[in-house]
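Quick notes on the structure that follows.
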Amino acid sequence: MFDTHAHLNAIQFEEDLEEVIQRALDEGISHIVVVGFDRPTIKGAIKLADTYDFIYAAVGWHPVDAVDMTTEDLQWIEELASHPKVVALGEMGLDYHWDKSPKDVQKKVFRQQIQLAKKVKLPIIIHNRDATQDVVDILKSEGAEEVGGIMHCYSGSLEVAKQCMEMNFYISFGGPVTFKNAKKPKEVAREIPLDRLLIETDCPYLSPHPLRGKRNEPSYVKYVAEAIAELREMPLENLVKKTSDNARQLFGINR
């Protein structure tokens, strides 16, 4: 199994990180992408990727903190893009739920990171909260299909998923697809082409059923895989193989 989006660089894992990583290996996790989204978490992602063979890093700037990003930060991300274990830029995007960063600042920082991704030729990981139309519009206007990437922890409609797939994006599902009332994610996970499907945890957040309310971790990605395999009425091992193949192809990781 390939957990395409984890935050093992979060403070929630400070006390038992090695045990969490061992549980992931014991459950058959073959790869993890640890995502950095500000200075401290980017440093943490790089450190983890340098320490563990099967961990890779994504580096970018979160929209909630867009107001804090400097020109130097963007230059630093560009420098890190050449690191052999950095496989994507992100997470980036728009978040209209929180109001720390004004929308115009978020959009500017989002566009800057897409332009950088095209320059360094890396896929992008998209964070979208309550901003779907603006996210899609910016991806289109900036020509993001040139690099493609991931719609992370997807919760939108099938129609929007199709627009994103036309722009060379994969659709990734986390814990919410296991929730009983998650009609949209379940529909999209069932209907989209298998070769555009990814799984993730977004740990320590969004634990899957039956572990809601607890700290999430990479070993729990199996619950996401099981839920989608059941929705698609296909063997679990087939879904695991295909989503892992998809992730390796996107990130340019050999077996």
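If I go through the stretch 207-243 residue by residue, how many of them are outside any helix (DSSP H, G or I) and out of contact with any Pro (no Cβ under 6 Å at 6 or more places or on another chain)?
Summing the residues that are outside any helix (DSSP H, G or I) and out of contact with any Pro (no Cβ under 6 Å at 6 or more places or on another chain) in the stretch 207-243 gives 12.
Each row is one residue, and each column tells you yes or no for (1) touching a residue at least 24 places away in the same chain (Cβ under 8 Å); (2) within 24 Å of LEU8 (Cβ to Cβ); (3) crowded, with 20+ Cβ neighbours inside 10 Å.
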position	(1), (2), (3)
ALA49	yes, yes, yes
ALA66	yes, yes, yes
ASP73	yes, yes, no
ILE77	yes, yes, yes
GLN112	yes, no, no
ILE126	yes, yes, yes
ALA131	yes, no, yes
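Would you pick out the residues in the stretch 9-31 that are closer than 23 Å to TRP76 by Cα and not polar (S, T, N, Q)?
Answer for the stretch 9-31, where residues must be closer than 23 Å to TRP76 by Cα and not polar (S, T, N, Q): ALA10, ILE11.
On the basis of being surrounded by 17 or more Cβ atoms within 10 Å (Cβ to Cβ) and either farther than 20 Å from LEU250 by Cβ or among the basic types (Lys, Arg) (or both), does ASP26 make the cut?
When the stated conditions are applied, ASP26 does not pass them.
If we scan the stretch 85-106, do we find a residue that is modelled with pLDDT under 95, out of contact with any Asp or Glu (no Cβ under 9 Å at 6 or more places or on another chain), at negative phi and surrounded by fewer than 23 Cβ atoms within 10 Å (Cβ to Cβ)?
yes
Output the residues belonging to the stretch 200-214 that are surrounded by fewer than 18 Cβ atoms within 10 Å (Cβ to Cβ) and within 17 Å of ILE32 (Cα to Cα).
Within the stretch 200-214, just TYR205 meets the criteria.
Restricting the stretch 139-154 to residues that are touching a helix residue (DSSP H, G or I) at 6+ places or on another chain (Cβ under 6 Å) and of a type outside the set (D, E, K, R), which is surrounded by the fewest Cβ atoms within 10 Å (Cβ to Cβ)? Spell out the reasoning first.
Going residue by residue through the stretch 139-154, those that are touching a helix residue (DSSP H, G or I) at 6+ places or on another chain (Cβ under 6 Å) are 142, 144, 146-147, 151.
Then keep just the ones that are of a type outside the set (D, E, K, R); that gives 144, 147, 151.
Numbers: ALA144: 26, VAL147: 22, MET151: 30.
Within the stretch 139-154, the match that is surrounded by the fewest Cβ atoms within 10 Å (Cβ to Cβ) is VAL147.
For the stretch 162-184, which residues satisfy the criterion of being more than 14 Å from the chain's Cα centre (by Cα) and crowded, with 24+ Cβ neighbours inside 10 Å?
Once the filter is applied, which keeps residues that are more than 14 Å from the chain's Cα centre (by Cα) and crowded, with 24+ Cβ neighbours inside 10 Å, the stretch 162-184 yields CYS164, VAL177, THR178.
Among the residues of the stretch 237-245, is any over 30 Å from LYS118 (Cα atoms) and exposed (fewer than 14 other Cβ atoms within 10 Å of the Cβ)? Lay out the reasoning, then the answer.
Of all residues in the stretch 237-245, those over 30 Å from LYS118 (Cα atoms) come to 237-239.
Cutting the leftovers down to exposed (fewer than 14 other Cβ atoms within 10 Å of the Cβ) gives us 237-238.
For the stretch 237-245, residues over 30 Å from LYS118 (Cα atoms) and exposed (fewer than 14 other Cβ atoms within 10 Å of the Cβ): present.
Filter the stretch 114-147 for residues that are touching a strand residue (DSSP E or B) at 6+ places or on another chain (Cβ under 6 Å) and in a helix (DSSP H, G or I) and give the result.
Matches in the stretch 114-147: ALA117, ASP134, VAL135.
Please list, ordered by first then second residue, the pairs with beta carbon atoms under 8 Å, 6 or more apart or interchain, first in the stretch 148-170 and in a loop (DSSP other than H, G, I, E, B), second among the aromatic types (Phe, Trp, Tyr).
Filtered contacts from the stretch 148-170: GLY148/PHE169; GLY148/TYR170; CYS153/PHE173; TYR154/PHE173.
Within the stretch 229-248, is even one residue touching a helix residue (DSSP H, G or I) at 6+ places or on another chain (Cβ under 9 Å), under 27 Å from ASN9 (Cα atoms) and free of Cβ contacts under 8 Å to residues at least 12 places away in the same chain?
Yes: the stretch 229-248 contains one or more residues that are touching a helix residue (DSSP H, G or I) at 6+ places or on another chain (Cβ under 9 Å), under 27 Å from ASN9 (Cα atoms) and free of Cβ contacts under 8 Å to residues at least 12 places away in the same chain.
The values are calculated or read from the model by the stated rules, or taken from the named source; none is laboratory data. These numbers come from a predicted model, not from an experiment. Glycine gets a Cβ as well: all are built from the backbone with ideal geometry, and neighbour counts include every protein chain shown.
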